[in-house]
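**Student:** The structure follows.
The values are calculated or read from the model by the stated rules, or taken from the named source; none is laboratory data. Here the structure is a predicted model, which is why all the values come from computation and not from measurement. When we count neighbours, we look across all protein chains shown, and the Cβ atoms used for this are built from the backbone with ideal geometry, even at glycine.
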Amino acid sequence: MIIEPKTRGFICITSHPDGCAKSVSNQIEYIKSKDKINGAKKVLVIGASTGFGLASRITSAFGSNAATIGVFFEKPPSEGRTASSGWYNTAAFEKEANKEGLYAKSINGDAFSHAIKDETIALIKEDLGQIDMLVYSLASPVRTHPDTGIRYKSTLKPIGKKYTNKTVDFHTGEIKEISIEPCTEEDIANTIAVMGGEDWQMWVDALKNENLLSSNFKTVAYSYIGPKLTEPVYRKGTIGKAKDHLEQTAFTITDSLKDVNGKAYVSVNKALVTQSSSAIPVIPLYISLLYKVMKANGVQEGCIEQIHRLYSERLFIDQTPTDTEGRIRVDDWEMRDDIQEQVSKLWEQATTETLSEIGDLEGYRTEFFNLFGFNFDEINYKADTNEIVEIPSIKS
């Protein structure tokens, strides 16, 4: 079939297998161009198919020659219908890993469920024995609690009062004002249930109870803080409460890992174009201005550069540096005073008319469509493409 991008609001409902393979190949080549990392050798990645999770899997495999198991929830292809991008990403990753003799297997299903945890545990027992690291990079908007069956849905709302600011429709470039009503206490509780640390801890506990964690085991989850500009709707809103919970859970998990000399970290990463961030009001405009400034200052990074720096300069050195809250910071370049001052000045100037000059909306759009395998110069999008692509380790 001829596969073209079809968008619905802030998501793309088609994806291109060849473009996704190119995206994965680019990330692999970046990691292979760097020195080897003395990292974990048996790695489980929860949320392994896109964004930071995919970058973590690639960096583990091709940076440290690690055996990896990836867990995710992606839509497989069917005749005349493309798979989700994460499916194609994983198919490409496994193909490249297999070429180099690297162990790589994947499990597709609801990572919040007991069934998927049990399936993952069985696979680790059978193939790896134990794991050295768990990367928790789940970004789901909903969660069905495995014990109660209650379905929780996260919300993106401010706390206490209505939030009004500028946002951009990145498809059209139109800047307009948006207002978001404040949340309820139930909204906060639901968002924590979905995006907080409970499921991360449940994964660690389940693995530990089966003696699947090696000595000096590490686990890392990903978070975001962001600037004062987005604070009311992000870090001081409902999602911020969930991130607070996630970050506190790291201490609880570390306490539970004393017998294996283990450690749990939260890494605070930079703002990037992801499927999740595209749907957050205000964030696309902030990112388009941020990219312009960071590129001009020579400090722009994507997911793969961020995770490489996390692994090589933070996580796998003798003394992992953390901030006063115990968090690893690889958002340090984004949050530099000079970077934020420049972004704040541009924010005040940003209008529909000025954005193309003062921001990097084109770069934002390109990265958005890259997420789904589109806008790669090397790919012929007019060519007939086979949408049916299998993941080697998943038997359909």
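**Student:** Criterion first (under 30 Å from Glu231 (Cβ atoms) and among the aromatic types (Phe, Trp, Tyr)) does Tyr103 satisfy it? Working first, answer last.
**Tutor:** Details: under 30 Å from Glu231 (Cβ atoms): no; among the aromatic types (Phe, Trp, Tyr): yes.
No.
**Student:** Please go through segment 17-55 and pick out each residue that is in contact (Cβ under 8 Å) with a residue 60 or more places away in the chain and of a type in the set (Ser, Thr, Tyr).
**Tutor:** Hits for segment 17-55 are Ser23, Ser25, Tyr30, Thr50.
**Student:** Inspect segment 143-151 for any residue being touching a Phe, Trp or Tyr at 6+ places or on another chain (Cβ under 9 Å), closer than 26 Å to Ser276 by Cβ and in a loop (DSSP other than H, G, I, E, B) and give the result as yes or no.
**Tutor:** Yes.
**Student:** Give Ser85, Ser106 a once-over and let me know the one that is buried (at least 23 other Cβ atoms within 10 Å of the Cβ), touching a Gly at 6+ places or on another chain (Cβ under 7 Å), closer than 30 Å to Leu213 by Cβ and of a type in the set (Ser, Thr, Tyr).
**Tutor:** Working: Ser85 fails: closer than 30 Å to Leu213 by Cβ.
So the residue among Ser85, Ser106 that is buried (at least 23 other Cβ atoms within 10 Å of the Cβ), touching a Gly at 6+ places or on another chain (Cβ under 7 Å), closer than 30 Å to Leu213 by Cβ and of a type in the set (Ser, Thr, Tyr) is Ser106.
**Student:** Yes or no: segment 169-185 includes at least one residue that is crowded, with 21+ Cβ neighbours inside 10 Å, part of a loop (DSSP other than H, G, I, E, B), in contact (Cβ under 8 Å) with a residue 12 or more places away in the chain and of a type in the set (Gly, Ala, Ser).
**Tutor:** Within segment 169-185, not a single residue is crowded, with 21+ Cβ neighbours inside 10 Å, part of a loop (DSSP other than H, G, I, E, B), in contact (Cβ under 8 Å) with a residue 12 or more places away in the chain and of a type in the set (Gly, Ala, Ser).
**Student:** Looking at Ile328, Ile283, Ile317, Ile304, which is the one that is in contact with a strand residue (DSSP E or B) (Cβ under 9 Å, 6 or more places away or on another chain) and closer than 25 Å to Ala66 by Cα?
**Tutor:** Working: Ile283 fails: closer than 25 Å to Ala66 by Cα; Ile317 fails: in contact with a strand residue (DSSP E or B) (Cβ under 9 Å, 6 or more places away or on another chain); Ile304 fails: in contact with a strand residue (DSSP E or B) (Cβ under 9 Å, 6 or more places away or on another chain).
Testing whether each residue is in contact with a strand residue (DSSP E or B) (Cβ under 9 Å, 6 or more places away or on another chain) and closer than 25 Å to Ala66 by Cα leaves just Ile328.
**Student:** Can you tell which of Ile131, Ile178 is out of contact with any Asp or Glu (no Cβ under 9 Å at 6 or more places or on another chain), of a type in the set (Val, Ile, Thr) and more than 24 Å from Leu54 (Cβ to Cβ)? Walk me through how you get there before you give the answer.
**Tutor:** Working: Ile131 fails: more than 24 Å from Leu54 (Cβ to Cβ).
It is Ile178.
**Student:** Still on this structure: Looking only at residues that are modelled with pLDDT of 95 or more and among the basic types (Lys, Arg) in segment 331-377, which one is nearest to Glu387 (Cα to Cα)?
**Tutor:** Arg336
**Student:** From the list Leu346, Leu361, Leu371, which residue is within 24 Å of Ala97 (Cβ to Cβ) and either crowded, with 19+ Cβ neighbours inside 10 Å or without any contact (Cβ under 8 Å) to a residue 60 or more places away in the chain (or both)?
**Tutor:** Working: Leu346 fails: within 24 Å of Ala97 (Cβ to Cβ); Leu361 fails: within 24 Å of Ala97 (Cβ to Cβ).
Matching residue, one of Leu346, Leu361, Leu371: Leu371.
**Student:** For segment 255-282, give me the residue count where each residue is touching a residue at least 60 places away in the same chain (Cβ under 8 Å) and either at positive phi or of a type in the set (A, V, I, L, M) (or both). Write out each step before concluding.
**Tutor:** Start the filter on segment 255-282 by keeping residues that are touching a residue at least 60 places away in the same chain (Cβ under 8 Å), which leaves 264-276, 278-282.
Next cut, either at positive phi or of a type in the set (A, V, I, L, M) (or both) only: 264, 266, 268, 271-273, 279-280, 282.
Total satisfying the criteria: 9.
**Student:** So, one more: Has segment 22-37 got any residue that is of a type outside the set (D, E, K, R), more than 22 Å from Glu126 (Cβ to Cβ) and either in a loop (DSSP other than H, G, I, E, B) or at pLDDT below 95 (or both)? Break it down into steps so the answer makes sense when it comes.
**Tutor:** Let us first name the residues in segment 22-37 that are of a type outside the set (D, E, K, R), namely 23-28, 30-31, 33, 37.
Applying the additional criterion that residues be more than 22 Å from Glu126 (Cβ to Cβ) yields 23-28, 30-31, 33, 37.
Then keep just the ones that are either in a loop (DSSP other than H, G, I, E, B) or at pLDDT below 95 (or both); that gives 33, 37.
So far as segment 22-37 goes, yes, one or more of its residues are of a type outside the set (D, E, K, R), more than 22 Å from Glu126 (Cβ to Cβ) and either in a loop (DSSP other than H, G, I, E, B) or at pLDDT below 95 (or both).
**Student:** While we're on this one: Which one is nearest to Tyr286 (Cα to Cα), of the residues in segment 205-248 that are polar (S, T, N, Q) and part of a strand (DSSP E or B)?
**Tutor:** Among them, the one singled out is Ser223.
**Student:** Please verify whether segment 193-205 includes one or more residues that are surrounded by fewer than 19 Cβ atoms within 10 Å (Cβ to Cβ), under 25 Å from the mean Cα position of the chain (by Cα) and without any contact (Cβ under 8 Å) to a residue 40 or more places away in the chain. Please lay out each step first, then the result.
**Tutor:** The initial filter retains those residues of segment 193-205 that are surrounded by fewer than 19 Cβ atoms within 10 Å (Cβ to Cβ), namely 198, 202, 205.
Still in the list and also under 25 Å from the mean Cα position of the chain (by Cα): 198, 202, 205.
Checking the rest, the ones that are also without any contact (Cβ under 8 Å) to a residue 40 or more places away in the chain come to none.
Scanning segment 193-205 turns up no residue that is surrounded by fewer than 19 Cβ atoms within 10 Å (Cβ to Cβ), under 25 Å from the mean Cα position of the chain (by Cα) and without any contact (Cβ under 8 Å) to a residue 40 or more places away in the chain.
**Student:** Within segment 297-343, which residues are assigned to a helix (DSSP H, G or I) and either under 19 Å from Asn165 (Cβ atoms) or without any contact (Cβ under 8 Å) to a residue 40 or more places away in the chain (or both)? Talk me through it step by step, then tell me what you get.
**Tutor:** Our first condition is that a residue be assigned to a helix (DSSP H, G or I); within segment 297-343, this holds for 303-315, 337-343.
Result: Arg309, Glu313, Asp337, Gln340, Glu341, Gln342, Val343.
**Student:** Need pairs with beta-carbon distance below 9 Å; first residue at negative phi and among the aromatic types (Phe, Trp, Tyr) and within segment 56-72, second surrounded by fewer than 24 Cβ atoms within 10 Å (Cβ to Cβ) and assigned to a strand (DSSP E or B); sequence gap 6+ or separate chains.
**Tutor:** As it stands, the answer is Phe72/Ile107; Phe72/Asn108, since those pairs meet every condition given.
**Student:** In addition: Please give the number of the condition Ile124 fails out of (1) assigned to a helix (DSSP H, G or I); (2) farther than 21 Å from Val43 by Cβ.
**Tutor:** That leaves (2) as the condition not met.
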